[in-house]
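Below is one structure, written out as structure tokens, with a few remarks after it.
The values are calculated or read from the model by the stated rules, or taken from the named source; none is laboratory data. These numbers come from a predicted model, not from an experiment. Cβ atoms come from the backbone with ideal geometry, glycine included; neighbour counts cover every protein chain shown.
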Protein chains: 2
Amino acid sequence: MTAVSGEIKPAPRKRPQRRRLQNPNPAMRVRLMEAAAELLRRQGLGQLRIEELAREANVSVGTVYLYFDGKDDLFIQLVKEFTERLRQRMSDADGGEGPALERLSRRLAAYLDFVEDNMDGFLHFRKGGALDTNLGPLELWALDVHADDVRPLLEEAIAAGEIAPADPGLLSQALVGVIQHIAAHWGETGARQPREEIEHFLRVYTTFGLNPAGDRTGGAA
Amino acid sequence: MTAVSGEIKPAPRKRPQRRRLQNPNPAMRVRLMEAAAELLRRQGLGQLRIEELAREANVSVGTVYLYFDGKDDLFIQLVKEFTERLRQRMSDADGGEGPALERLSRRLAAYLDFVEDNMDGFLHFRKGGALDTNLGPLELWALDVHADDVRPLLEEAIAAGEIAPADPGLLSQALVGVIQHIAAHWGETGARQPREEIEHFLRVYTTFGLNPAGDRTGGAA
């Protein structure tokens with residue numbers, strides 16, 4: 001697990017830091033982030049230019065640089081914000097009560113809702129996820145955040161005998177890894193397969209693996 | 001699933017194609033690929049310069065461009081070659097005989113051997129895997145190749161009742177997705193966890209998931 005605490009920012013480069021605002025305007029930051037999310041959805045990170053972002057947000061290029069160190073920093077801030085929104089939605093869906101597999105099922109549904117609502121952004125995030133940060137590759141950072149969120153739930157479930165004993169660190173990584181990969185595969189194939197089939201498959205697979213035994217309802221209706 | 005047949009190359013750009021050799025020299029191609037693999041292992045794709053590769057291989061920059069369209073093409077050819085070597089090792093390990101879960105276990109061991117032998121290259125591949133090609137993101141292409149290889153084995157196992165019925169396309173994607181993610185997590189954390197623990201975890205998790213029941217030996221010794 002890479003360190004997930006502390007500020008996440010691009011891995012250090014050798015150029016000097018630009019001037020930053022003493023008192024950034026939160027409304028301006030939101031405006032820039034929204035414009036960036038929109039451009040990213042339309043065209044991806046590779047094509048995104050700071051000049052174009054300034055035009056989209058109707059501000060000067062200099063203003064953009066007062067809020068972000070550049071394209072990589074902007075992308076990282078966006079991923080961080082979307083990760084927080086997703087965490088909130090999964091935590092709300094979890095609700096903190098009921099058997100672990102049911103709570104995991106509710107978290108999975110919230111995750112797939114979020115991916116469906118933001119599919120273009122999600123696929124661009126995957127493509128930009130190799131970006132190096134001070135905390136390691138961006139995508140692995142985001143998966144570490146989710147793995148850390150779900151790990152206490154898995155530990156609790158193991159202690160209660162609801163799921164089989166296993167290394168909780170690897171178990172939480174396996175869970176978020178397989179779900180994210182299947183979601184990416186689903187998105188890259190144009191989401192041709194119905195959402196319910198994807199959700200049902202993930203619920204059953206994460207619960208039972210390849211095992212031929214078991215009642216295979218996937219832990220929750 | 002993205003199309004995995006046909007030539008894989010960088011997604012088309014608007015610049016004209018460079019001149020290519022009518023009769024490329026296979027030994028020169030091997031020499032360039034070996035130099036590139038070595039540079040990639042040492043420093044990663046982001047830092048790699050064609051000029052440096054030429055120096056490492058002791059040829060002119062012009063010669064490199066006779067064999068590769070540029071850095072992206074070179075990286076794709078490298079990934080393609082390593083993917084082929086890995087497929088061969090997994091196919092040899094599989095052996096084509098015995099119960100499906102045993103064959104999958106042997107394939108898993110061969111995969112982890114390969115990752116261990118080429119860890120730096122593997123992690124750089126992950127970081128460069130977002131590269132867009134004419135067949136989609138490079139990393140998803142490579143995973144599709146492996147998923148396609150394992151799919152007939154899963155179909156055979158489902159037909160024989162060795163594993164539970166499930167969508168074989170999603171099942172093969174889940175299998176390669178979770179294994180690759182755990183291998184990347186293992187590598188990014190400096191392979192601090194013993195290889196046997198990683199292998200045992202993957203064998204048990206892919207077979208049983210979170211399910212508390214079952215004999216949990218992971219399908220094979």
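Is there a residue being surrounded by fewer than 21 Cβ atoms within 10 Å (Cβ to Cβ), of a type in the set (S, T, N, Q) and over 13 Å from the mean Cα position of the chain (by Cα) anywhere in the stretch A:134-155?
yes
Return a yes/no flag: does the stretch B:124-147 have any residue that is facing chain A (nearest Cβ under 10 Å), more than 27 Å from B:ARG42 (Cα to Cα) and in a helix (DSSP H, G or I).
yes
Under 6 Å by Cβ, and 6 or more places apart or on different chains, what pairs join a residue from the stretch A:163-174 that is assigned by TED's automatic domain parsing to the domain that holds A:HIS146 with one that is of a type in the set (Lys, Arg)?
A:PRO168/A:ARG151; A:SER172/A:ARG151
If A:GLU97 satisfies all but one of (1) facing chain B (nearest Cβ under 8 Å); (2) over 26 Å from A:GLU197 (Cβ atoms); (3) in a loop (DSSP other than H, G, I, E, B), what's the number of the condition it fails?
So the condition that A:GLU97 fails would be (1).
Check off (1) without any contact (Cβ under 8 Å) to a residue 12 or more places away in the chain; (2) closer than 20 Å to B:PHE82 by Cα; (3) in contact with a Phe, Trp or Tyr (Cβ under 9 Å, 6 or more places away or on another chain) for B:HIS181 and give me the number that stays unchecked.
That leaves (3) as the condition not met.
Are any residues in the stretch B:50-82 farther than 14 Å from B:GLU7 by Cα, in a helix (DSSP H, G or I) and among the β-branched types (Val, Ile, Thr), and if so, which ones?
B:ILE50, B:VAL61, B:THR63, B:VAL64
Got a number for residues in the stretch B:102-114 being surrounded by fewer than 21 Cβ atoms within 10 Å (Cβ to Cβ), of a type in the set (A, V, I, L, M) and either in contact (Cβ under 8 Å) with a residue 60 or more places away in the chain or not assigned by TED's automatic domain parsing to the domain that holds B:VAL204 (or both)?
Residues that pass the stated criteria total 2.
Select from the stretch A:194-203 the residues that are surrounded by fewer than 20 Cβ atoms within 10 Å (Cβ to Cβ) and within 8 Å of chain B (Cβ to nearest Cβ) and list them in ascending order.
Residue satisfying the conditions is A:GLU197 alone.
Give the residues of the stretch B:13-26 that are at pLDDT 65 or above and surrounded by 10 or more Cβ atoms within 10 Å (Cβ to Cβ), sorted by residue number.
B:ARG20, B:LEU21, B:PRO24, B:ASN25
Give A:ARG42, A:ARG29 a once-over and let me know the one that is surrounded by 14 or more Cβ atoms within 10 Å (Cβ to Cβ) and outside any loop (DSSP other than H, G, I, E, B). Lay out the reasoning, then the answer.
On the way: A:ARG42 fails: surrounded by 14 or more Cβ atoms within 10 Å (Cβ to Cβ).
Within the list A:ARG42, A:ARG29, the selection yields A:ARG29.
Taking into account only those residues within the stretch B:152-190 that are polar (S, T, N, Q) and facing chain A (nearest Cβ under 7 Å), which is farthest from A:LEU175 (Cα to Cα)?
Taking the stretch B:152-190 and keeping what is polar (S, T, N, Q), we get B:172-173, B:180, B:189.
Going one step further and asking which of them are facing chain A (nearest Cβ under 7 Å), we end up with B:173, B:189.
Values: B:GLN173: 14, B:THR189: 18 Å.
So the residue we want is B:THR189.
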